[in-house]
Amino acid sequence: MTAPVSSAPRAPVDVPLVLERCRAVVRPALSEAVGRMHPWVGEMAAYSFGWCEVGGASTAASGGKGVRQALAVLGAEATGAAGRAGVPAAVAVELVHTFSLLHDDIMDGDPVRRRRPAVWKAYGTGPAVLAGDGLFAQAVETLAAAGADASAMRMLSVALGDLVAGQADDLLFAARPWTGPERVRPAEYRTMAERKTGALLGCAVALGALLGGAPPPVVAALDRAGRRLGLAFQAVDDVLGIWGDPEVTGKPVHGDLREGKKTLPVLAALGSPSSEARRLASLLTSGADPREAAALIERAGGRAAALHEARGHLGAAEAALADVSPRGTAGDELRALSAFLVRREL
């Protein structure tokens, strides 16, 4: 695709406004998909989106920014298609993402999601598993009802397979030691993060482009861009999981350290030859004060290393976007959205 030539200066992109616009385009179809579910399962799905309370009373709780929805809509627009061409992709990916969050909260034992009781705490573990299954089934049905071909179905199934593999690795990492030959290495962590976080972001923008009529090379490039964005996003998320403001993240300060999660800043710090790294390994093994651990990670360079890596992945994502020369304003909006997601701590 060839971008239109213009000498006029481009106005800055208002990313919250872009997210709001894309949510507005997708919401009717997303609501319709949830409405096709069994009433009780649909209520749990609506609760997870922030649309209702337990029992079904309407509310306006936070249901997330709708990042994957926006990526799918912008992916379609990047091909020159109308944003609505990417709506089935947006709905399918959002349903899969929400299904994964429901099951993740159960596996991790997280009682809170977006400052409300997680679905499993509000409705019970069994019902939450069922709601996740229902969301996944509806994601497949959404693409089928839109007349998506086998390549679109395969793209979603590949992303789901990667997501499952990433989650499996993440769970297995918890049982591995902090140091020694069996320790988790940063390269392994990157593979896990690309699968668990990047695969669905790549699928969102690429599936939107595919439904918008993009040729295979463009679809593949957008998938690469989304996956690298996922790696950058996860690196920053790991930083916020240790040092983030609870008022912004909705999680307690040093939360990831309290839970013993093997995140990128920790792994980078442990790989440092510094004396702080040796003290950190001892501290993590004993499960001592997370505040001291956070300070050691920072002094050992873990925070700086994670943010440096995030910058690198963001640059790679932007390069992949440049390769496809998105049409209209979609390229500017995709680049701005990527930077918005990653530069929360940069």
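Bear in mind these aren't lab numbers, they're just calculated from the coordinates by the rules spelled out. These numbers come from a predicted model, not from an experiment. All Cβ positions, glycine included, derive from the backbone under ideal geometry; neighbour counts span all protein chains shown.
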_Candidate lysines - alpha carbon under 19 Å from K262, same-chain residues fewer than 8 apart omitted_ = K196, K251
*Compute the long axis of helix 67-77 from its Cα atoms, compare it with the longest principal axis of the Cα atoms of the chain, and write down the angle in degrees, 0 to 90, nearest 10.*
40
_Proximal charge balance of G35 [Cβ under 13 Å; K/R count +1, D/E count -1]_ = -1
_Give me, ordered by chain and number, the residues 5 or more places off R113 or on other chains with an amide H under 5 Å from its own placed amide H._
A118
*Quickly rank 106-118, 57-69, 35-47 as a protection proxy: mean count of other C-beta atoms within 10 Å, highest first.*
35-47, 57-69, 106-118
*Tail beyond 20 Å, pair distance distribution of region 1-104 (Cα, percent)*: 46
*Expressed as an acute angle from 0 to 90° and rounded to the nearest 10, what is the orientation of the C-alpha long axis of helix 15-35 relative to the principal long axis of the chain?*
70
_Using a 7 Å offset from the Cα along the Cα-to-Cβ direction at both A24 and K261, what is the distance between the two label points in nm, to one decimal?_
3.4
*Length gained when the stretch A145-V253 is fully extended (0.36 nm per residue, less Cα-Cα span)*: 34.5 nm
*Using only the Cα atoms of region 83-231, build the gyration tensor, take square roots of its eigenvalues as a ≥ b ≥ c, and label the shape rounded, prolate or oblate: rounded if a/c is under 1.5, else prolate if a/b is larger than b/c, else oblate.*
oblate
*Given the Cα-Cα distance of E292 and E32 and 0.36 nm per residue of separation, how much length would full extension add, in nm?*
88.7 nm
*region 129-201, relative contact order in percent, only Cα pairs under 8 angstrom and at least six apart counted*: 35
_For F173, F233, F49, which order do you get if you count the other beta carbons within 10 Å of each Cβ and list the fewest first?_
F173, F49, F233
*So for C52, C22, fewest C-beta neighbours within 10 Å to most, what's the order?*
C52, C22
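Which net charge results for the neighbourhood of E318, defined as the other residues with beta-carbon distances under 11 angstrom from its beta-carbon, given Lys and Arg at +1 and Asp and Glu at -1?
It works out to a net charge of +2.
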*What is the list of residues in region 285-327 whose amide nitrogen lies under 20 Å from a point 7 angstrom out from the Cα of T179, following Cα to Cβ?*
285-303
_Label-point separation in nm, A336 to V13, each point 7 Å along Cα→Cβ_ = 0.7
*Semi-axes of the chain's equivalent ellipsoid from the Cα gyration tensor, sqrt of 5 times each eigenvalue, largest first, rounded to whole Å?*
33, 26, 18
*Kindly put L337, L231 in sequence by how many other C-beta atoms sit within 10 Å of each C-beta, fewest to most.*
L337, L231
_Extension gain (nm, one decimal) between A61 and L240, 0.36 nm per residue minus Cα-Cα_ = 62.2 nm
_Degrees between helix 216-243 axis and first principal axis of the chain (Cα, 0 to 90, nearest 10)_ = 40
